[in-house]
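Notes follow once the structure below has been shown.
The values are calculated or read from the model by the stated rules, or taken from the named source; none is laboratory data. Bear in mind that the values here come from a model prediction, so they are computed numbers and not experimental data. Ideal geometry is used to build each Cβ from the backbone, glycine not excepted, and the neighbour counts take in all protein chains shown.
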Amino acid sequence: MRKQILLILFVAFLLNSNSYSQELKCSISISSQKIQGTNKQVFDAMRKAVNEYMNTTKWTKHKFKQDEKIECNIIINLTEQVSSDEFKGNLQIQSRRPVYGSSYSSTMINFKDDDIQFKYVEYEPLLYNESTTPNSLTALLAYYAYIIIGLDYDSMSPMGGTEYFTKAEAIVQKMQNSRYKGWKSYESRRNRYWLTENLMNSAYQPVRDCYYKYHRIGLDRMADKLMDARMELGEAIKMLQKAHRAKPGSFILQFFFNAKSDEIVNIFSGANMDEKKQVYNIVSEIDPGNITKYKKIISNK
């Protein structure tokens, strides 16, 4: 009888473990076409190691059901092998958030980090511990895991991602003595340092407030109340204008529009002309690099 009870408890534990799991559903791709004369097996081992690291590390204290996992992609494009275990290249990161009451998923992140460099030893497991200084690869991956999660949480509750942006910022601080680029303020105005600086800077709180209003009050209501939801989306975009006028040219605003410019065009192309003009004037002021795209909003076609 005791064995039967233990068996039942064990099965229940397994079922619970499968029902509530890690936070990310992350697809990993590694390209090494520009690196010649290297044992390609190392890149397959690298992809498997990164995949396991991103998809099995527990990044939060919360329980996620399988259908609640945050879908994301990481594409690592290696362009140079510096030594037997050191690589340079770039990283493309994308993440998505489902919209309530629809089959549509909204792009949260669409960003290319042009300056990555890390060490990887074949078959060495990737491990992350918050209390220690991470190595170059685990730091890079953990940083973006926290950014993905933080933005998802910001879209669900006001300033909900602060805990995870704080964790990302802590990684930046630990990497200040690293010889690898992307972690220091003086290297670029659009790197890992400045992304977390902007996210944690109170001057840019309107951007984070926008993430919540745009997604939770706007997109999540579109299936039920289209016109009201679109009005809320317009109000959310006004928040970005406030941040832009306070500090023009900020990284976090470009980061937002990298993910949202096409979606904004699609949403407001069907609005009334007053809404179209209002949104067009705002986004063309903040994000002039995409003005040709935004002209579709006010086009009659």
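Is it fair to say I297 is among the β-branched types (V, I, T) and touching a Ser or Thr at 6+ places or on another chain (Cβ under 7 Å)? Walk me through it before giving the result.
Working: among the β-branched types (V, I, T): yes; touching a Ser or Thr at 6+ places or on another chain (Cβ under 7 Å): yes.
Here the answer is yes, as I297 does meet what is asked.
Against the definition (closer than 30 Å to K40 by Cβ, acidic (D, E), crowded, with 19+ Cβ neighbours inside 10 Å and within 17 Å of the chain's Cα centre (by Cα)), how does D154 come out, yes or no?
Working: closer than 30 Å to K40 by Cβ: no; acidic (D, E): yes; crowded, with 19+ Cβ neighbours inside 10 Å: yes; within 17 Å of the chain's Cα centre (by Cα): yes.
Taking the combined requirement at face value, the residue does not satisfy it.
Starting from the range 260-280, keep only residues that are among the acidic types (D, E), then list their pairs with residues that are assigned to a helix (DSSP H, G or I) whose Cβ atoms are within a distance under 8 Å, requiring at least 6 positions of separation or different chains.
Pairs found: D262/K293; E275/R230; E275/M231; E275/G234; E275/F268.
For a quick check of your reading: which helices (runs of 4 or more DSSP H) sit entirely within the range 174-251 and have at least 1 residues that are closer than 20 Å to Y294 by Cβ and under 18 Å from the mean Cα position of the chain (by Cα)?
Values: elements: 192-200, 205-212, 226-246.
Correct list: 205-212.
Of M108, M54, which residue is closer than 24 Å to L219 by Cβ and either among the hydrophobic types (A, V, I, L, M, F, W, C) or in contact with a helix residue (DSSP H, G or I) (Cβ under 6 Å, 6 or more places away or on another chain) (or both)? Even if it seems obvious, please write down each step before you answer.
Numbers: M54 fails: closer than 24 Å to L219 by Cβ.
Just a single option satisfies the conditions, and that option is M108.
Does the range 149-160 contain any residue that is hydroxyl-bearing (S, T, Y) and in a loop (DSSP other than H, G, I, E, B)? Outline the logic, then answer.
Filtering the range 149-160 for residues hydroxyl-bearing (S, T, Y) gives 153, 155, 157.
Next, from what is left, pick out any that are in a loop (DSSP other than H, G, I, E, B): 157.
Taking every residue of the range 149-160 in turn, at least one turns out to be hydroxyl-bearing (S, T, Y) and in a loop (DSSP other than H, G, I, E, B).
Go through (1) touching a residue at least 60 places away in the same chain (Cβ under 8 Å); (2) within 24 Å of C26 (Cα to Cα) and name the single condition I171 misses.
Unmet for I171, out of (1) touching a residue at least 60 places away in the same chain (Cβ under 8 Å); (2) within 24 Å of C26 (Cα to Cα): (1).
Please go through the range 113-139 and give me each residue that is in contact (Cβ under 8 Å) with a residue 60 or more places away in the chain, surrounded by 15 or more Cβ atoms within 10 Å (Cβ to Cβ) and either out of contact with any strand residue (DSSP E or B) (no Cβ under 9 Å at 6 or more places or on another chain) or not assigned by TED's automatic domain parsing to the domain that holds S32 (or both), ordered by number.
Those that are in contact (Cβ under 8 Å) with a residue 60 or more places away in the chain, surrounded by 15 or more Cβ atoms within 10 Å (Cβ to Cβ) and either out of contact with any strand residue (DSSP E or B) (no Cβ under 9 Å at 6 or more places or on another chain) or not assigned by TED's automatic domain parsing to the domain that holds S32 (or both): L126, Y128.
Out of I74, I116, report the one residue that is assigned to a strand (DSSP E or B), out of contact with any Gly (no Cβ under 9 Å at 6 or more places or on another chain) and not small (G, A, S). Reasoning before the result, please.
On the way: I116 fails: out of contact with any Gly (no Cβ under 9 Å at 6 or more places or on another chain).
I74 is the lone residue from the list that is assigned to a strand (DSSP E or B), out of contact with any Gly (no Cβ under 9 Å at 6 or more places or on another chain) and not small (G, A, S).
Please find, among S32, S102, S95, the residue that is surrounded by fewer than 15 Cβ atoms within 10 Å (Cβ to Cβ), of a type in the set (S, T, N, Q), in the same structural domain as Y143 (by TED's automatic domain parsing) and in contact with a helix residue (DSSP H, G or I) (Cβ under 9 Å, 6 or more places away or on another chain).
Details: S32 fails: surrounded by fewer than 15 Cβ atoms within 10 Å (Cβ to Cβ); S95 fails: surrounded by fewer than 15 Cβ atoms within 10 Å (Cβ to Cβ).
After applying the criteria, what remains is S102.
Looking at (1) touching a Phe, Trp or Tyr at 6+ places or on another chain (Cβ under 7 Å); (2) crowded, with 17+ Cβ neighbours inside 10 Å; (3) of a type outside the set (A, V, I, L, M, F, W, C), which is the one condition that is false for S185?
Of (1) touching a Phe, Trp or Tyr at 6+ places or on another chain (Cβ under 7 Å); (2) crowded, with 17+ Cβ neighbours inside 10 Å; (3) of a type outside the set (A, V, I, L, M, F, W, C), only one is false for S185: (2).
Give H244, H215 a once-over and let me know the one that is out of contact with any Gly (no Cβ under 9 Å at 6 or more places or on another chain) and either of a type in the set (V, I, T) or within 22 Å of P98 (Cβ to Cβ) (or both).
Working: H244 fails: either of a type in the set (V, I, T) or within 22 Å of P98 (Cβ to Cβ) (or both).
Exactly one of H244, H215 is out of contact with any Gly (no Cβ under 9 Å at 6 or more places or on another chain) and either of a type in the set (V, I, T) or within 22 Å of P98 (Cβ to Cβ) (or both), namely H215.
Going through N90, N55, N51 one at a time, which residue ends up being free of Cβ contacts under 8 Å to residues at least 40 places away in the same chain, within 24 Å of R192 (Cα to Cα), of a type in the set (S, T, N, Q) and in contact with a Cys (Cβ under 6 Å, 6 or more places away or on another chain)? Don't jump to the end; show me each part of the working.
On the way: N90 fails: in contact with a Cys (Cβ under 6 Å, 6 or more places away or on another chain); N51 fails: in contact with a Cys (Cβ under 6 Å, 6 or more places away or on another chain).
After ruling out the rest, the residue left standing is N55.
Output the residues belonging to the range 77-92 that are surrounded by 13 or more Cβ atoms within 10 Å (Cβ to Cβ) and either assigned to a loop (DSSP other than H, G, I, E, B) or within 17 Å of the chain's Cα centre (by Cα) (or both). Outline the logic, then answer.
Quick first cut of the range 77-92, residues surrounded by 13 or more Cβ atoms within 10 Å (Cβ to Cβ) only: 77-79, 81, 85-92.
Listed by number, the residues that qualify are D85, N90, L91, Q92.
Considering every residue within the range 146-162, establish whether at least one is on the phi < 0 side of the Ramachandran plot, among the aromatic types (F, W, Y) and in contact with a Lys or Arg (Cβ under 6 Å, 6 or more places away or on another chain).
Initially, the range 146-162 is screened for residues on the phi < 0 side of the Ramachandran plot, giving 146-158, 160-162.
Add one more test, that the residue is among the aromatic types (F, W, Y), and what stays is 146, 153.
If we keep only those that are in contact with a Lys or Arg (Cβ under 6 Å, 6 or more places away or on another chain) too, we end up with 146.
Taking every residue of the range 146-162 in turn, at least one turns out to be on the phi < 0 side of the Ramachandran plot, among the aromatic types (F, W, Y) and in contact with a Lys or Arg (Cβ under 6 Å, 6 or more places away or on another chain).
Of (1) buried (at least 17 other Cβ atoms within 10 Å of the Cβ); (2) in the same structural domain as L137 (by TED's automatic domain parsing); (3) at pLDDT below 95, Y53 satisfies all except one. Which?
Going through (1) buried (at least 17 other Cβ atoms within 10 Å of the Cβ); (2) in the same structural domain as L137 (by TED's automatic domain parsing); (3) at pLDDT below 95 one by one, Y53 breaks only (3).
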